[in-house]
2 protein chains.
Amino acid sequence: MNLITLSHGSGGIKTHNLIKDIFYHYFKNDILLQQNDASILHKLSGKIAVTTDSFVVSPTFFKGGDIGKLSICGTVNDLAVSGAKPLYITAGFILEEGLSIDILEKVVISMAETARKADVYIVAGDTKVVERGKGDKIYINTTGIGIVEDNKEVLGIEKIKQGDKVIISGTLGDHGMCIMSEREELGFDVSIKSDCAPLNDITRNILSVSKNVKIMRDPTRGGLATTLNEIAEQRGISIMLYEKEIPVKKEVLGMCEMLGFDPLYVANEGKIVLIVSNEDAETVLNVMKKNSLGEDAKIIGAVINDGKDKLYLKTEAGGTRILNMYEEEMLPRIC
Amino acid sequence: MNLITLSHGSGGIKTHNLIKDIFYHYFKNDILLQQNDASILHKLSGKIAVTTDSFVVSPTFFKGGDIGKLSICGTVNDLAVSGAKPLYITAGFILEEGLSIDILEKVVISMAETARKADVYIVAGDTKVVERGKGDKIYINTTGIGIVEDNKEVLGIEKIKQGDKVIISGTLGDHGMCIMSEREELGFDVSIKSDCAPLNDITRNILSVSKNVKIMRDPTRGGLATTLNEIAEQRGISIMLYEKEIPVKKEVLGMCEMLGFDPLYVANEGKIVLIVSNEDAETVLNVMKKNSLGEDAKIIGAVINDGKDKLYLKTEAGGTRILNMYEEEMLPRIC
């Protein structure tokens, strides 16, 4: 079995061959193959959107995905929910000495396949190697570049107002609970699959039927409750969620109850939450339900104006409680 | 002393506060403060250049710089040598649990200062925390976006031809030998300073006086010999270097001799090597010498056509030897 050594990160012949045999081989496109210190992109017209994310998920492979698929989806989704069309991705690898090159190759193949599905090109890359015990197999940074087409309005948190509806595209907590169940030390035997998926198709569907989408987000780390708390704080509005409308898979709920987690705070990697005008809510919901990634979409809440900038949950029992930002670490290295 | 904990990477309130108190505080600009999943840039016109680099240098601080300064210079320089004007940078941090927040703050201040000097904005970021022993204090990925102005020609390796001259902007090996001397286990007591610096000013000077610059590169990991070997292989030409013309500081040469390194293979972080037409070589050399980062610039070689695609060194003793790409690890985690 071939292993990554420090020489693969030295810039010499081994780095050179690794780049050719693995990265150029699977990622190849005319921009990447310029092989320059910087890549020159095709001419773009419109406003450019940029996002960056590092991925340190453990384990490297999990049900429904792996760190490579996640690294593409995460960045594609950050662009997509900003109303941009994702176009280009850069990939920076930090490899641990001793990593099997077979594992690296599997991750790279998964990135290449996901990029193809999401219709984005990997246009620049970098590889560093750190000593054993100074990393953990493979860390990936992806940075994404997209375009907000000239005739499209940029979404804006400032457009949110009382009466707007909150829509979620599907079940909550799948990714986080999948990763937890995969951690060897826990030894769970459940088959929760990560929801990891590129969302640029469904966001395009959504924006094609409504000009009154105020904001879209992908509720990853920290889950839905953290994402909506940030919006409430930034915009200075409150949001009421209806517990009975919030979709959560039975096995995810079961695992959350067993471990003491709240699915509203657990990471998702293939879900959108959006805020849209009351008038357009049903239209948007219907177009989402036609997309395979939005089959379980629901209207789960509304914007209210009580001057407190809080996120509330109307429980199934009929009470109301505040959902704060949480303070402690729930799930390390979930993405 | 405040330390980074896993909760700083969880996406909850501690992540939120770290971002506000450190990253937004020092990096603030109107694009970063959009606080969205992706940042929308000011309208750009021209061809866009993109590059990405991860930085894992050890130690974190060294004479002449630190990982923060390096992370900005490295990416600015990759854009600059491609003939682009660097504009925007994204920053992805992978922090090790237990890192002192004071150290993080110093690194962030250094990034902010270097970005200001290089006239670039940090427009998006991400923070992950890994458990103790799964990282090493701080790793940074930076991705850079620049613009090749419409009236500027893109540099091109295909324009290189026999008789072209090779120019280096200054002394070789300073960064690599600085890092080596700083490694505690070696206990060297020499005062070699890293040459870490942003090169976008001097590249602009160069391109303003000549339309016959064929290619520019910053000879980082692997040093000058690796960079020129890559060019020779890609273009299918040979290059002859003249040992007596190659500037190397006395103390760098001394340390290299002691440790068995060749300064031609040692990393630089503030040097340019370029290939220019014979006619324009003196003009380019003169404008470089007027810039403080090019005071020691020299014409060090020429492109020859012997059909072998090799890099040669005409030694001071009068012999000629081939400089191959090297095969082994020389200096781990130099950048």
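Look at where the Cα atoms of the stretch B:170-240 and of the stretch B:11-65 average out, and the two centres are 25 Å apart. Given a 1.4 Å probe and the protein chains as shown, A:Ile101 ends up with an accessible area of around 30 Å².
Normalised by the number of residues in the stretch B:1-136, the mean separation of alpha-carbon contacts (under 8 Å, six or more apart) gives a relative contact order of 38 percent.
Here chain B is assigned +1 on the Cβ of each Lys and Arg and -1 on the Cβ of each Asp and Glu. Its dipole about the Cα centre then comes out at about 700 debye.
Electrostatic bookkeeping for B:Pro198 treats Lys and Arg as +1 and Asp and Glu as -1; over the other residues with beta carbon under 15 Å from its beta carbon, the sum is -4.
The calculated FRET efficiency for B:Lys290 paired with A:Arg132, based on their beta-carbon distance and R0 = 51 Å, is about 0.60. Approximating the spin labels as points 7 Å out from Cα along Cα→Cβ, the A:Lys159-to-A:Lys244 distance works out to 3.2 nm. Taken about its Cα centre, the stretch B:255-335 carries a charge dipole of about 120 debye when Lys and Arg each add +1 at the Cβ and Asp and Glu each add -1 at the Cβ.
Between B:Val284, B:Val252, B:Val190, the GNM of chain B built on Cα springs shorter than 10 angstrom shows B:Val190 fluctuating the most.
Peptide A:90-98 has a mean of 4 when you count, residue by residue, the C-beta atoms of other protein chains within 10 Å of its C-beta. Its relative contact order, with pairs defined as Cα atoms under 8 Å and 6+ residues apart, puts chain A at 23 percent. The local environment of B:Ser110, defined by Cβ-Cβ distances under 12 Å, has a net charge of +1 under the rule Lys, Arg +1 and Asp, Glu -1.
Above 26 Å, the calculated P(r) of the stretch B:135-249 contains 34 percent of its Cα-Cα pairs.
With contributions of -39500 (n - 2.57) from each DSSP H run of at least four residues, the per-residue ellipticity at 222 nm computed over the protein assembly as shown stands at -8000 deg cm²/dmol.
Inter-copy label distances at B:Phe188, using a point 7 Å along Cα-to-Cβ, come to 5.1 nm with the shortest given first.
Exceeding 19 Å between C-alpha atoms, which entries from my cross-link table qualify? They are A:Lys106/B:Lys128; B:Lys249/B:Lys298; A:Lys161/A:Lys211; A:Lys20/B:Lys159; A:Lys117/A:Lys298. Too far apart for the 19 Å limit: A:Lys106/B:Lys128; A:Lys20/B:Lys159; A:Lys117/A:Lys298. For chain B, set up a Gaussian network in which alpha carbons nearer than 10 Å are linked by springs, and say which option among B:Leu199, B:Leu285, B:Leu186 fluctuates the most. Between B:Leu199, B:Leu285, B:Leu186, it is B:Leu186 that shows the largest mean-square fluctuation.
Largest to smallest in accessible area, the residues B:Lys214, B:Lys20, A:Lys161 fall in the order A:Lys161, B:Lys20, B:Lys214 (1.4 Å probe, all protein chains included).
Dipole magnitude for the stretch B:158-316: computed about the Cα centre from +1 point charges on Lys and Arg Cβ and -1 point charges on Asp and Glu Cβ, it is near 620 debye.
Give the shape of the stretch A:197-335 as rounded, prolate or oblate, defined through the alpha-carbon gyration tensor: a ≥ b ≥ c are the square roots of its eigenvalues, a/c under 1.5 means rounded, and otherwise the shape is prolate if a/b is larger than b/c and oblate if not. Because a/c hits 1.5 or more and a/b fails to exceed b/c, the stretch A:197-335 counts as oblate. Under a Gaussian network description of chain B, with springs only between Cα atoms under 10 Å, the residue in B:Leu95, B:Leu41, B:Leu228 that fluctuates furthest is B:Leu41. Expressed to the nearest 5 percent, the antiparallel share of DSSP beta bridges inside the protein assembly as shown is 75 percent. DSSP beta bridges fully contained in the stretch A:239-335 are about 60 percent antiparallel.
By the gyration tensor of its Cα atoms, with a ≥ b ≥ c the square roots of the eigenvalues, what is the shape of the stretch A:218-298: rounded for a/c under 1.5, prolate for a/b over b/c, or oblate? Oblate, since a/c reaches 1.5 and b/c is not below a/b. Taking a Cβ cut-off of under 9 Å around B:Leu293, the surrounding Lys, Arg, Asp and Glu residues balance to a net charge of -2, with basic ones at +1 and acidic ones at -1.
Please label the shape of chain A as rounded, prolate or oblate, based on the square roots a ≥ b ≥ c of the eigenvalues of the alpha-carbon gyration tensor (a/c under 1.5 means rounded; beyond that, a/b larger than b/c means prolate, else oblate). Since a/c reaches 1.5 but b/c is at least a/b, the shape of chain A is classed as oblate.
Taken across both chains, chains A and B shield about 6100 Å² of accessible surface from a 1.4 Å probe. Positive-end ranking of A:Gly156, A:His175, A:Ser100 along the dipole of the protein assembly as shown, with charges on Cβ about the Cα centre, is headed by A:Gly156. For the stretch A:71-140, averaging the sequence separation of C-alpha pairs within contact (under 8 Å, six or more residues apart) and dividing by the residue count gives a relative contact order of 50 percent. Full extension of the chain between A:Arg116 and A:Asn278 gives 54.7 nm of extra length, using 0.36 nm per residue less the Cα-Cα distance. Considering only DSSP beta bridges with both partners in chain B, what is the antiparallel share in %, to the nearest 5? Looking only at bridges with both residues in chain B, the antiparallel portion is about 75 percent. Peptide A:118-128 has a mean shielding of 4, counted as Cβ atoms of other protein chains within 10 Å of each residue's Cβ.
Placing dummy labels 7 Å off each Cα toward the beta-carbon, the span from A:Met258 to A:Lys43 is 5.9 nm.
Looking at the stretch A:1-81, the accessible area is 33 square angstrom per residue; that uses a 1.4 Å probe and ignores ligands, DNA and RNA.
The values are calculated or read from the model by the stated rules, or taken from the named source; none is laboratory data. Just so it is clear, the model here is predicted, and its values are computed rather than measured. Neighbour counts run over all protein chains shown; Cβ positions are idealised from the backbone, glycine included. When the accessible area is computed, the model is the full protein with side chains, heavy atoms only, and any ligands, DNA or RNA have been set aside. Shrake-Rupley method; radii C 1.70, N 1.55, O 1.52, S 1.80 Å.
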